[in-house]
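The values are calculated or read from the model by the stated rules, or taken from the named source; none is laboratory data. This one's a predicted model, so the numbers in the text were calculated from it and none came from an experiment. All Cβ positions, even for glycine, are placed from backbone atoms using ideal geometry, and neighbour counts span all protein chains on display.
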Amino acid sequence: MGSLISILDLSVEELDGLINVANDIIDNPKKYSEVCHGKKLATLFFEPSTRTRLSFEAAMYELGGNVIGFSSAGDSSASKGESVADTAKVISCYADIIAMRHPKEGAPLVAAMNASIPVINAGDGGHNHPTQTLADLLTIQREKGRLNDLTIGLCGDLKFGRTVHSLIEAMARYTGIKFVLISPDELKLPSYVKNDCLKEHGIEYIQTTDLEAVMPELDILYMTRVQRERFFNEEDYLRLKDSYILTPEKLKNAKPDLSIMHPLPRVNEISVAIDNDPRAAYFKQVLNGKYMRMALICKLLEVTV
Ligand code: NCD
């Protein structure tokens, strides 16, 4: 495997392998602190990011490697009209591995087809975000102790939320998974994810607009932000943006061992009053993301530990 464009590029065995390496990094960070010595990661971010870009950079530094890159399209030759394919060829001359975020669906795939080094999709438009899913999987494994037999509620913008699409594709391959899809009618899961993933694999799911009604069933509640930048008109965004706001009151009927997740950034979807609830896992997700990106970089660069 050269690049990571979709979470489906990794088999379940490979996902489990990455989780094991990430757990080993957490327990033995020194063992990994020089394994990428002399290697360079290029972070090519054509769209804003805090967590993902800095998480990749921190991951590479903690492996003893170096980082080059840019954090907005305006800072790159894209602003002069360079194609993604040419940028990928050029960066292949400078770096050993690329992490790319782009507003256009498929751009990291085009980069991977033209680069001579591994490319990691760090989020492409409203499509996929496989490394957030790696963070999510490690979080679920550490919080729940398993990746099987879980009822997972996904709430908010299921249409444009790329983290949701990748997480469903990943979790649909484990056993005993049931999805509860909670969104306004306008922001339902795209039919391609429903048909190619849920229906194709016979995965149990329900769709609802009512978060509180399904709360008692959930083992995991994955909240998401309404993706303002993907809307065609601001009025629709303003009407839908506060569709779901999780408050302590709404958790009254939740399981005592529920895990509350969110890829962040949070806008309004989770009240800060929940941050100290032991069920809140969203800041742990951030840290887990760094460890999984470390494990992924080691795998793609084929470094030996
Ligand atoms: C997510 C993204 O970029 O899709 N952020 C992240 O990488 N953690 C979620 C979001 O922006 O809402």
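The listed residues are ARG142, ARG146, and the only one of them that is surrounded by 15 or more Cβ atoms within 10 Å (Cβ to Cβ) and farther than 26 Å from SER3 by Cβ turns out to be ARG142.
Tell me whether region 113-120 contains one or more residues that are at pLDDT 95 or above, in contact with a Leu (Cβ under 7 Å, 6 or more places away or on another chain) and more than 16 Å from the ligand (Cβ to nearest atom). There is at least one residue in region 113-120 that is at pLDDT 95 or above, in contact with a Leu (Cβ under 7 Å, 6 or more places away or on another chain) and more than 16 Å from the ligand (Cβ to nearest atom). Tell me, please, whether a residue that is within 12 Å of the ligand (Cβ to nearest atom) and touching a helix residue (DSSP H, G or I) at 6+ places or on another chain (Cβ under 6 Å) can be found in region 238-260. No, region 238-260 contains no residue that is within 12 Å of the ligand (Cβ to nearest atom) and touching a helix residue (DSSP H, G or I) at 6+ places or on another chain (Cβ under 6 Å). Among the residues of region 110-126, the ones that are crowded, with 24+ Cβ neighbours inside 10 Å and closer than 20 Å to SER55 by Cα come to 6 in all. The residue that is nearest to ILE206 (Cα to Cα), among those in region 158-191 that are surrounded by 18 or more Cβ atoms within 10 Å (Cβ to Cβ) and polar (S, T, N, Q), is SER183.
Residue count for region 75-127, restricted to those that are basic (Lys, Arg) and farther than 24 Å from ARG162 by Cβ: 2.
For region 202-305, the strands (runs of 3 or more DSSP E) that sit wholly inside it and include 3 or more residues that are in contact (Cβ under 8 Å) with a residue 12 or more places away in the chain and not small (Gly, Ala, Ser) are 204-208, 220-223. The condition of being modelled with pLDDT under 95 and assigned to a loop (DSSP other than H, G, I, E, B) holds for GLU47.
For every residue, the table says whether it meets (1) within 16 Å of the ligand (Cβ to nearest atom); (2) modelled with pLDDT of 95 or more.
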{"residue": "GLU169", "(1), (2)": "yes, yes"}
{"residue": "SER183", "(1), (2)": "yes, yes"}
{"residue": "TYR205", "(1), (2)": "no, yes"}
{"residue": "LEU211", "(1), (2)": "no, yes"}
{"residue": "MET215", "(1), (2)": "no, yes"}
{"residue": "ARG225", "(1), (2)": "yes, yes"}
{"residue": "GLU229", "(1), (2)": "yes, no"}
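Name the residue that is farthest from the chain's Cα centre (by Cα), counting only residues in region 145-162 that are basic (Lys, Arg) and either away from the ligand (no atom under 12 Å from the Cβ) or assigned to a strand (DSSP E or B) (or both). For region 145-162, the residue satisfying everything is ARG146.
Whether any residue in region 89-99 is farther than 26 Å from ARG228 by Cα, touching an Asp or Glu at 6+ places or on another chain (Cβ under 9 Å) and part of a helix (DSSP H, G or I) is what I want to check. Give the derivation first.
First, pick out the residues of region 89-99 that are farther than 26 Å from ARG228 by Cα: 89-98.
Right, trim to touching an Asp or Glu at 6+ places or on another chain (Cβ under 9 Å) and you get 90.
Narrowing further to those that are part of a helix (DSSP H, G or I): 90.
Looking for residues that are farther than 26 Å from ARG228 by Cα, touching an Asp or Glu at 6+ places or on another chain (Cβ under 9 Å) and part of a helix (DSSP H, G or I), one finds at least one in region 89-99, hence yes.
Among the conditions (1) within 16 Å of the ligand (Cβ to nearest atom); (2) more than 24 Å from GLU302 (Cα to Cα); (3) not in a loop (DSSP other than H, G, I, E, B), the only one that ASP86 does not satisfy is (1). Out of region 100-109, which residues are surrounded by 22 or more Cβ atoms within 10 Å (Cβ to Cβ), within 16 Å of the chain's Cα centre (by Cα) and in contact (Cβ under 8 Å) with a residue 60 or more places away in the chain? PRO108 - this is the single residue of region 100-109 that is surrounded by 22 or more Cβ atoms within 10 Å (Cβ to Cβ), within 16 Å of the chain's Cα centre (by Cα) and in contact (Cβ under 8 Å) with a residue 60 or more places away in the chain.
Restricting attention to region 55-65, does a residue exist that is assigned to a loop (DSSP other than H, G, I, E, B), of a type outside the set (Gly, Ala, Ser), closer than 30 Å to ARG266 by Cα and more than 16 Å from the ligand (Cβ to nearest atom)?
yes
Exactly one residue out of SER55, SER71, SER49 is buried (at least 17 other Cβ atoms within 10 Å of the Cβ), closer than 17 Å to LEU4 by Cα, under 22 Å from the mean Cα position of the chain (by Cα) and not acidic (Asp, Glu): that is SER55.
Taking the listed residues SER3, SER33, SER11, the one that is among the hydroxyl-bearing types (Ser, Thr, Tyr), within 30 Å of ARG146 (Cα to Cα) and buried (at least 19 other Cβ atoms within 10 Å of the Cβ) is SER3, with no other qualifying.
Go through the residues of region 276-284 one by one and say whether even a single one is under 21 Å from the mean Cα position of the chain (by Cα) and surrounded by fewer than 16 Cβ atoms within 10 Å (Cβ to Cβ). Yes, region 276-284 has at least one match.
From the list ILE68, ILE19, ILE26, the lone residue that is assigned to a strand (DSSP E or B) and of a type in the set (A, V, I, L, M) is ILE68.
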